[in-house]
Amino acid sequence: KDKSAASKDSTPEGASKRQEDGAETPKQKLLDIIGDMKVEVSYRKKLQQLKASENKTQAMNKLVGLDGEGSVPRGTTEDIKRGKPLSPELVQAASAVASSLPRNKKQTESELLAQLRRHEETTDKQKKGGTINIRNVISEMTVKKQSPAQRGVRISSLISLVLDEDGQRIRPERSSAQSVDSRRSLKVGKRLNIFTKASTEPEHALKTVSSPTIWDLEFAKDIAAITAQPPRNGFEEMIQWTKEGILWEYPIDNEVGIEDDAEFHEHIFLEKHLEGFPKEGPIRHFMELVICGLSKNPYLSVKQKVEHIEWFQKYFEEKKELLQEI
Amino acid sequence: MAAAALCWALRAARQVLPSPCPRQVRSYYVDWRMLRDVKRRKMAYEHADERLRINAIRKNSILPKELQEVADKEIAALPRDSCPVRIRNRCILTSRPRGVKRRWRLSRIVFRHFADHAQMSGVQRAMW
């Protein structure tokens, strides 16, 4: 592999010198980058294994790319093979730099491209904000144990003040808060939303009262009745009507109230429901007509159609003796 | 038809409304004939599916005639008020059986009354 590279590098060398005169400042920048970079040995071996298959095509691409200036499509095809989009100017500069260095040019070029790819990956990650979340996780883990519990107590006390005006409720609230304190590590604390969708605050976890009593419902109704002021203008009137159900919601949804989740094939192909019927005879003929009609009916749900067919099945079962006489 | 029956059922003399409704609510039907009409509509709604299916067996040239005769007898055995033919589109305000316009469900007299007082949306005296 090295010998073929050495033989082919003689021609690109001449072309690369022409390019070097034209593009000195980017090359200088690249050289600085190379000076900072550290070449990895293990990576070289991996690249060698990769390159064994792509050798000839790469050499061809390089020759054409360095000779002609229309190397943009070639550079992109090269990149596509590697599976990562790098800008063609970077690729050209990398190839120029690699050819200028005294060492094995192909390997250095491949290493440069790999470094560029890694840079791009990190920039993409930072754009998506992936690394920042991990930092958040780590910072959250070092929070002291006292503060979430204290926060929980504060929140529970707030809830008890806001919701219940009677003094009766505060005791069970406190006991619930205390019981929660014992298992604070699980439920108390700000959720990190790593595994689940953004759920609501831990106040819901703290409130352990299961179902509201009748007095709570009545209280809520009284509050609603008092706060329901008559509408000040036409808009508020329309809002009230929409809430009551007198006015439809705009833009009009034709499928309000209809929750037919069945697919079209369940509506049309109803022959599987015909298994209880005899396979020949006038009854089968009749039922096939029924099914034909049902499949064209857009107004019934699948359940209703199945019930229709089952009614007929039951009916014919009852009339079996009569049918056998015939 | 069935919708009218249901919404009138809420306002019938039988039930007390659970939710506090701020508007005026009529708690009786206009007369007994209207009540009977309401009952017939309810029954027709309940038995509609059965009647449809038995009729499908009857009005058929494929099935044997003995079966169709049995179906005839069955449909005659259903309650008399369950057939839709017995329903009469009465005026909803006066229960007048004749002179009722279907679009408004009102008798001609009530319709004229409301239209002249400009309480019918989009209705105007004809002049040409």
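The values are calculated or read from the model by the stated rules, or taken from the named source; none is laboratory data. Predicted model only: the values in this text are computed from it and were never measured. Backbone-built Cβ (ideal geometry, glycine too); neighbour counts: all protein chains shown. Remember, those area values only see protein heavy atoms, side chains included, never the ligands or the DNA or RNA. Shrake-Rupley method; radii C 1.70, N 1.55, O 1.52, S 1.80 Å.
So that you can scan it fast, the table gives a plain yes or no per residue for (1) of a type outside the set (Ser, Thr, Tyr); (2) modelled with pLDDT of 95 or more:
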| position | (1), (2) |
| --- | --- |
| B:2 | yes, no |
| B:20 | yes, no |
| B:34 | yes, yes |
| B:42 | yes, yes |
| B:57 | yes, no |
| B:61 | no, no |
| B:64 | yes, no |
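For residue B:67, all conditions in the list (1) crowded, with 16+ Cβ neighbours inside 10 Å; (2) without any contact (Cβ under 8 Å) to a residue 40 or more places away in the chain; (3) more than 14 Å from every other protein chain (Cβ to nearest Cβ) hold save one; what is the number of the exception?
The one condition residue B:67 does not meet is (3).
Which one of the conditions (1) within 23 Å of residue B:75 (Cα to Cα); (2) within 38 Å of the chain's Cα centre (by Cα) does residue A:257 fail to meet, given that it meets all the rest?
Answer for residue A:257: the failing condition is (1).
Within the stretch A:197-227, can you find the residues that are open to solvent by less than 80 Å² (accessible area, probe 1.4 Å) and modelled with pLDDT under 85?
A:199, A:202, A:203, A:205, A:206, A:208, A:209, A:211
All but one of (1) touching a helix residue (DSSP H, G or I) at 6+ places or on another chain (Cβ under 6 Å); (2) at pLDDT below 95; (3) buried (at least 16 other Cβ atoms within 10 Å of the Cβ); (4) not basic (Lys, Arg) hold for residue B:83, so report the exception by its number.
Evaluating residue B:83 over (1) touching a helix residue (DSSP H, G or I) at 6+ places or on another chain (Cβ under 6 Å); (2) at pLDDT below 95; (3) buried (at least 16 other Cβ atoms within 10 Å of the Cβ); (4) not basic (Lys, Arg) leaves (1) as the failure.
Could you list, in sequence order, all residues of the stretch A:276-310 that are without any contact (Cβ under 8 Å) to a residue 40 or more places away in the chain and among the polar types (S, T, N, Q)?
Matches in the stretch A:276-310: A:295, A:297, A:304.
For residue A:266, work out the one condition from (1) charged (D, E, K, R); (2) in contact with a helix residue (DSSP H, G or I) (Cβ under 6 Å, 6 or more places away or on another chain); (3) open to solvent by 100 Å² or more (accessible area, probe 1.4 Å) it doesn't fulfil.
Going through (1) charged (D, E, K, R); (2) in contact with a helix residue (DSSP H, G or I) (Cβ under 6 Å, 6 or more places away or on another chain); (3) open to solvent by 100 Å² or more (accessible area, probe 1.4 Å) one by one, residue A:266 breaks only (3).
Mind checking which residues of the stretch B:30-41 are in a helix (DSSP H, G or I) and exposed (fewer than 15 other Cβ atoms within 10 Å of the Cβ)?
Step one: filter the stretch B:30-41 for residues in a helix (DSSP H, G or I), giving B:32-41.
Result: B:32, B:33, B:36, B:39.
Taking helices (runs of 4 or more DSSP H) that do not extend beyond the stretch A:243-326, which have at least 3 residues that are facing chain B (nearest Cβ under 10 Å)?
Where helices (runs of 4 or more DSSP H) fall fully within the stretch A:243-326 and carry at least 3 residues being facing chain B (nearest Cβ under 10 Å), they are A:282-295, A:302-318, A:320-325.
Among the residues of the stretch B:54-64, write down those that are part of a helix (DSSP H, G or I) and facing chain A (nearest Cβ under 9 Å). Spell out how you get there, then give the answer.
So in the stretch B:54-64, the residues part of a helix (DSSP H, G or I) come out as B:54-58.
Across the stretch B:54-64, the qualifying residues are B:54, B:56, B:57.
From the list B:102, B:51, B:96, exactly one residue is surrounded by 14 or more Cβ atoms within 10 Å (Cβ to Cβ) and away from chain A (no Cβ under 14 Å). Which is it?
On the way: B:102 fails: surrounded by 14 or more Cβ atoms within 10 Å (Cβ to Cβ); B:51 fails: away from chain A (no Cβ under 14 Å).
None of the other options fit; the residue is B:96.
Report whether or not residue B:61 is surrounded by fewer than 13 Cβ atoms within 10 Å (Cβ to Cβ) and among the hydroxyl-bearing types (Ser, Thr, Tyr).
yes
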